[in-house]
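The values are calculated or read from the model by the stated rules, or taken from the named source; none is laboratory data. All values reported here derive from a predicted model rather than from experimental measurement. Positions of Cβ are backbone-derived with ideal geometry, glycine not excepted, and every protein chain shown enters the neighbour counts. Calculation scope for accessible area: heavy atoms of the full protein, side chains included, ligands and nucleic acids excluded. Shrake-Rupley method; radii C 1.70, N 1.55, O 1.52, S 1.80 Å.
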Amino acid sequence: MPISVAIFVVAHLALMIGLTTPDKINFDEVHYVPAAKQLLEPGVPNPLLNPMHPPLAKEFMALSIRAFGDGPFGWRYPSVVFGALAIVAMYLCGLALFAAQGPALATALLTFLNQMVFVQSRIAMLDIYTLAFDLMGVAAFIHGFRKQKPEIAFALAGLAFGLATACKWSGLFPLGVCIAIVAVIRLMQGWRTRFADGDADDWYEPDLWPGFRSYHFVACFLLLPAIVYLATFVPLYGWSLPDILAAQRRIFSDNSTTAIADHPYMSAWPSWPLLVRPVWYLFEKAGDDRFQAIIFLGNPLILWPALPALAVCLRDWVMARRLEAFLILAFYLGPWLAWALLPRTLSFLYYYLPSATVASLALVYALTRGGGARGRWMLWMSVAIACVGFIVMLPISVASVETTMAGYVRLMLFKSWI
């Protein structure tokens, strides 16, 4: 707990640097900030702004605006808080997976140094809220996976996933991964499946969760998330069930169609791991040959090496049945490939944020799987290299760190990044 608190404090302070630049609405803040301010008005707003997303993240923004004023700090401060919580959650995921402080701390550092998490923690959008709650749910699920009595951990996971979904419906994806994992394990247990040379590192055990009943599953992964999710609509609609259900129909309708046929920054889900097309949140002139830029891209020195690391996870899951490799793959592939199943054609690189964050776990796993001093040296060398990439990208990550046109051009390595 002291280490988690220390990580939160340090990350929180670091994310606040230059938070109020730019001092005006930036990118999709144009949708969410007015919607948050509207929630401060008495009664049910009509028409409701931004009805295509649930209210929880906007309710946090509204509370911040009430506390700190209608300005850049008030709009963005909750994103800082939840960004720091996401980093803590990744530390807890690393601790649950690797059972060692070193890899867990490296996971937290890689999460911070991943430009995706950093940028998204400093803008008034919904994704960082969803990410933080989802990662808390993943950490709880991993923590409970090997326990004989996982009910409390799984209930906490369900609670977190319900809150994530109350920020944005894509928060459902990790919950779906958990449901699928439990269903597959129960199915294999029903078939009395056993590995001939089974050991403690296997992702599946025939005697896993002996006391976990069907009603526990329903309560943890269905009822609790649903109750928590629906409860977040009560401040907006009161206890009017018809109004709450009508809001769900509107969210479904708005998210199953594409209002904009094309967008200059859109990208397809297969391209996200390669960082083919970033999203430009801000690029404007600040002076003579000085520019302010915020480009959502991701740290290539983390996300590109993570791809072969994921291949290592796949090999270890198939060949060695390693639990850590299985869980990393499940929570990486689930939230990413879910976008392939949706009818929505308008998509952006920041939809890859949950999987890109989990990819740090794959990198830590691949570097430490053999153990020993060599693995530790490689791990911390990778963190140092990632830090270099993070520093180099600061001119396109933090608007207050201005850049020249020549500096910007040097950072745009590929034509598709422009």
In this structure, does L307 turn out to be modelled with pLDDT of 95 or more, touching a Cys at 6+ places or on another chain (Cβ under 6 Å) and either closer than 22 Å to F173 by Cβ or open to solvent by less than 40 Å² (accessible area, probe 1.4 Å) (or both)? no
Out of the residues in the range 399-418 that are among the hydrophobic types (A, V, I, L, M, F, W, C), in contact (Cβ under 8 Å) with a residue 24 or more places away in the chain and surrounded by 15 or more Cβ atoms within 10 Å (Cβ to Cβ), which is farthest from P278 (Cα to Cα)? V401
Can you find a residue in the range 283-297 that is on the phi < 0 side of the Ramachandran plot, part of a helix (DSSP H, G or I) and in contact (Cβ under 8 Å) with a residue 40 or more places away in the chain? no
Out of F73, F68, I need the residue that is in contact (Cβ under 8 Å) with a residue 12 or more places away in the chain and either open to solvent by 20 Å² or more (accessible area, probe 1.4 Å) or under 20 Å from V279 (Cβ atoms) (or both). Which one? F73
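Here is a yes/no grid of residues against (1) at pLDDT 95 or above; (2) surrounded by fewer than 16 Cβ atoms within 10 Å (Cβ to Cβ); (3) within 25 Å of M125 (Cα to Cα):
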{"residue": "E284", "(1), (2), (3)": "no, yes, yes"}
{"residue": "F291", "(1), (2), (3)": "no, no, yes"}
{"residue": "R321", "(1), (2), (3)": "no, no, no"}
{"residue": "A325", "(1), (2), (3)": "yes, no, no"}
{"residue": "Y365", "(1), (2), (3)": "yes, no, no"}
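Looking only at the range 387-398, count how many residues are free of Cβ contacts under 8 Å to residues at least 12 places away in the same chain and not in a helix (DSSP H, G or I).
0
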Quick test for you: out of A246, A196, A183, pick the one residue that is surrounded by fewer than 17 Cβ atoms within 10 Å (Cβ to Cβ), closer than 20 Å to G334 by Cα and free of Cβ contacts under 8 Å to residues at least 12 places away in the same chain. A183
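Residue-wise test of (1) in a helix (DSSP H, G or I); (2) touching a Lys or Arg at 6+ places or on another chain (Cβ under 7 Å); (3) not polar (S, T, N, Q).
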residue	(1), (2), (3)
P335	yes, no, yes
T357	yes, no, no
V364	yes, no, yes
G370	no, no, yes
I385	yes, no, yes
S400	no, no, no
Y408	yes, no, yes
Out of the residues in the range 341-353 meeting the condition of being open to solvent by 20 Å² or more (accessible area, probe 1.4 Å) and over 13 Å from P273 (Cβ atoms), tell me which one is modelled with the highest pLDDT. L341
Could we say that I302 is part of a helix (DSSP H, G or I) and of a type in the set (A, V, I, L, M, F, W, C) here? yes
Which of the residues that make up the range 99-110 are open to solvent by 20 Å² or more (accessible area, probe 1.4 Å) and closer than 22 Å to V398 by Cα? L109
Just one of the numbered conditions (1) open to solvent by less than 10 Å² (accessible area, probe 1.4 Å); (2) within 24 Å of V119 (Cα to Cα); (3) touching a Phe, Trp or Tyr at 6+ places or on another chain (Cβ under 6 Å) is not true of A338; which one? (1)
Condition first: β-branched (V, I, T) and without any contact (Cβ under 8 Å) to a residue 40 or more places away in the chain. Can you find one or more residues in the range 310-332 that meet it? yes
Selection status of F60, open to solvent by 20 Å² or more (accessible area, probe 1.4 Å), over 27 Å from A246 (Cβ atoms) and not charged (D, E, K, R): no
With the checklist (1) open to solvent by less than 40 Å² (accessible area, probe 1.4 Å); (2) assigned to a loop (DSSP other than H, G, I, E, B) in hand, flag the one item P264 doesn't pass. (1)
Counted residues, the range 360-380 - those being closer than 24 Å to L113 by Cα and free of Cβ contacts under 8 Å to residues at least 60 places away in the same chain: 10
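Okay, residues lined up against (1) open to solvent by 40 Å² or more (accessible area, probe 1.4 Å); (2) under 30 Å from K147 (Cβ atoms):
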{"site": "L13", "(1), (2)": "yes, no"}
{"site": "L19", "(1), (2)": "no, no"}
{"site": "D23", "(1), (2)": "yes, no"}
{"site": "E29", "(1), (2)": "no, no"}
{"site": "A36", "(1), (2)": "no, no"}
{"site": "A84", "(1), (2)": "no, yes"}
{"site": "L97", "(1), (2)": "no, yes"}
